[in-house]
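Every read-out reported here was derived from the displayed coordinates using simple, explicitly stated rules and does not represent laboratory data. Since the model is a prediction, treat every value here as computed from it, not as a measurement. Please note: Cβ atoms are built from the backbone with ideal geometry, for glycine as well, and neighbour counts cover all protein chains shown.
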Amino acid sequence: MTINVAQLIVRTLTAAGVKRIYGVVGDSLNGLTEALRTQDEIEWVAVRHEEVAAFAAGAEAHLTGSLVVCAGSCGPGNMHLINGLYDCHRSRVPVLAIAAQIPSRELGSGYFQETRPDILFKDCSHYCEPISSPAQAPRVLDLAIQAAIGKRGVSMVTISGDVALLEAPATEPRLARRESAHPTICPSSLELQQLAAILNRSRKVTILGGAGCAGAHAELLAIAGVLKAPIVHALRGKEFIEYDNPFDVGMTGLLGFSSGYFAIMDCDALLMLGTDFPYQQFYPEKASIVQVDIRPENLGRRTRLDLGLVGNVRHTLTALLPLLESKTVQQHLDRARQHYATARAALDDLATGTPGSRSIHPQHLTRVVDELAAPDAIFTADVGSPTLWAARYLKMNGQRRLLGSFNHGSMANALPQAIGAQLTFPNRQVISLSGDGGFSMLMGDILTVRQLRLPIKIVIFDNGALGFVELEMKAAGLLPHGTELDNPNFAQMAEAIGIRGLRVEDPGELPEAIQAALEHRGPVIVDAVVNRQELAFPPRIELEQAKGFSIYMVKAVMSGKGDQILNLARTNLWR
C-alpha cells in the first residue's frame, strides 16, 4: 500500500515519539492535517495563533525533554511561529517546526504569500531545510529530528502543499524511535586535577549554578559540603538547585537577592556549573573563575576564566569529588547564609497585605499563590514583574516546575506555555502568572483554553501598565510614556466567554480567591489588581541608576506629576 509524503511525515514523527502537533490549519497544510485525521497516535492541537503553538510546544519539550512539533501554513502562517521558536531555541528544547510552503511550481515568482522560511528561520534553528521532492523527504526528516534531539534546539522543515500529497518513496520511517541524547561527557583527568588544585588552594569558594545542574542535585550538595561553599543560582537553575539545599543563598542578577550578589563578590574562587549567566557586572573582578559547561562555546563568553572545562555537571562533579580536600573553615559559608537569612526575611516582610487597604502588593499575591499551590504545581511566568516575583517568592521543592521566557525575554509567554504544560500533564495543577500586558498580547488563546477545557489557573498581575518598562524608564531618568494600559475587568470578560472569573482588589480577599480558583475544576482567570508603583530593587544599584531615578523624581515634580512620587513613597515606604 502506497502512502503520500504527508503520511510518511506522520509515521516518522510517531516513530520519534511525538505526541502532539500544535498549530493553525491552512490550505497548504491540508495534506498533513488529513494524514493526522486518519490516525490516533498524534494529536493535532488547534490554537488561535501560531506564536502560541511554538510556545506551547516549547513548554512540552521543556517538561518532557522529548521532541515536540509545531506547524504553520505558508507565508504569514509559519512566520507567526518565529518568536516562539526563538524562545525554544534559546531555551535549548527539542522542537521540530513544519513550515508549509506555496505550490512548488510557483516558488521564486513572487506568488501570493510567498516567503523564504529557509532564510527567515536560519538564525533560530540548528537545521532548516526544504523538502523539494518525495525522494528527499525521508532523509531530511531524519536529519531534522536528529538535530533537534541531539543538539537540543529547533529544527525547521519546509514543504509545499503539493509535494506533501505526492507518493512517498517509502512506507516506513528509516530509523527507529530516538530518545533525547544524554551522553556521558567529562573533562580529562589532567583538567580535573587542574580544577581541583584551584579549588583546594582557595579559601572562599562560591558555586554559581544554572539549568545545567538538572539531575545533579545530590552531586552539587556533596561538592558544596566538601568545599564549604555557598550555592547561588541563576534564574533557570532555580527549579533544580534551591530545594532541600542547606547551602542555598539565593539568586543573583537583576532579579536576585543581595545575598547571592554578596556570596559571589566575597569569594576568591567562583565555580560556575551549567550556567551561561549573562550579566557581566555581577561577576567578581579579582577571584579565580572556573566554568564547567556541556557547550564549549559558552566557556568564557561572559567573563574571563582561569579554567574552562567541557562536561556534564553531574558526571564532572562525580569525578571531581575524590580529588578535593575537605575544608575545615566555613566562615565564608556562614557569612553568606546569614546574609541570605537577613535578605530572605526582609523579602518576606514585604509579602503581606492589610485587609481593607485596597492595595495589593504583587509580592503578597505571589506568596499566597505559592502557599496554596499543589506540591507538584507547574508555574509559567510572563516576562517582566511576574518573573521577578516568581523568582523571589515561589518555592521549588524538586517536584514543582517553573517555565518562562528566561533567555529570549519575550512578552506573552505564560499563557501559551501553560497550554502546553496542561496538555502534557492533564492531572497536575498549572498556574500562569501573567502580566496584564503579556496576557492581553496573546489574549485570543484564552479561547483555546476554553475550547480544550484546560483547567489552567491564570493569575493576572493587573497594574494597568507595562510595569517593568516603567521601572526601567524611571531608572534611566525618564518620565514613563506609552506604558499605561486601559484594561477591562478581566474577570467579567472571562465570565462572558464561559470561563470562571474572579476579581480581587482587597488583600484580605486574596487567600479565599486563590483557594477558590485552585479548587475549581475548570479554567479560571483571577484578575488581581496590584499596586502599580511597586519598586523592585536589584541586589546591586549602579550609580547611573540611582542618578537616573533622582532625575526622574525631579522631572515628575516639575511636570506637575508630584502625586506619582507621593504614591511611590506610600507604596514602598509603607513599613
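Just a few scattered comments:
- Three-way shape call for the stretch 5-164 based on the alpha-carbon gyration tensor, with the a/c threshold at 1.5: rounded
- Cβ-based net charge around ARG304, under 14 Å, with every Lys or Arg adding one and every Asp or Glu removing one: +1
- Distance between the modelled labels on GLN280 and PHE112, one decimal in nanometres: 5.1 nm (7 Å Cα→Cβ projection).
- Every helix of 4 or more DSSP H residues in the chain counts as -39500 (n - 2.57), and over all residues that averages to -11500 deg cm²/dmol at 222 nm.
- Counted by Cβ distance under 12 Å from ILE223, the other residues give a net charge of +2, where Lys and Arg count +1 and Asp and Glu count -1.
- With neighbours defined as other Cβ atoms within 10 Å of a residue's Cβ, the residues CYS128, CYS186 order from fewest to most as CYS186, CYS128.
- Taking a sphere under 13 Å around the Cβ of VAL24 and counting the other residues whose Cβ falls inside, with K and R at +1 and D and E at -1, yields a net charge of -3.
- Put a dot 7 Å past the Cα of ASN427, heading toward its Cβ, do the same for GLN331, and the two dots end up 5.4 nm apart.
- Rounded, prolate or oblate (a/c below 1.5 giving rounded, otherwise prolate when a/b exceeds b/c) for the stretch 245-345 by Cα gyration tensor: oblate
- Residues of type aspartates and glutamates that LYS204 reaches as a straight line, Cα spacing below 15 Å, ignoring anything fewer than 8 places off in the same chain: ASP266, ASP268, GLU285, GLU325, ASP334
- Put simply, when 465-477, 29-41 are sorted by average Cβ atoms within 10 angstrom per residue, most first, you get 465-477, 29-41.
- Here GLU512 and ASP376 are evaluated by their C-beta separation; at R0 = 30 Å the FRET efficiency comes out at 0.80.
- Added length on full extension, which subtracts the Cα-Cα distance from 0.36 nm per residue, ASP123 to LEU478: 124.4 nm
- Extension reserve of the ARG521-ARG139 stretch, reckoned as 0.36 nm per residue once the Cα distance is removed: 133.0 nm
- When the pairs LYS238/LYS457; LYS395/LYS474; LYS286/LYS474; LYS19/LYS151; LYS228/LYS286; LYS151/LYS228 are compared against a 26 Å limit on Cα-Cα distance, LYS395/LYS474; LYS286/LYS474; LYS151/LYS228 fall above it.
- Potential extension, ALA341-LEU321 segment - 0.36 nm per residue separation minus Cα distance: 4.4 nm
- The stretch 134-159 residues near the modelled SER104 label - backbone nitrogen below 15 Å, point 7 Å along Cα→Cβ: 134-141, 158-159
- The calculated FRET efficiency for the pair ALA46 and ARG304, based on their C-beta separation and a Förster distance of 45 Å, comes to about 0.35.
- Of the DSSP H helices in the chain, those whose Cα atoms cover at least 20 Å axially and whose Kyte score averages 0.0 or more: 50-64, 137-151, 543-558
- Paramagnetic reach from ARG453 (point 7 Å along Cα→Cβ, amide N under 19 Å) across the stretch 26-62: 43-47
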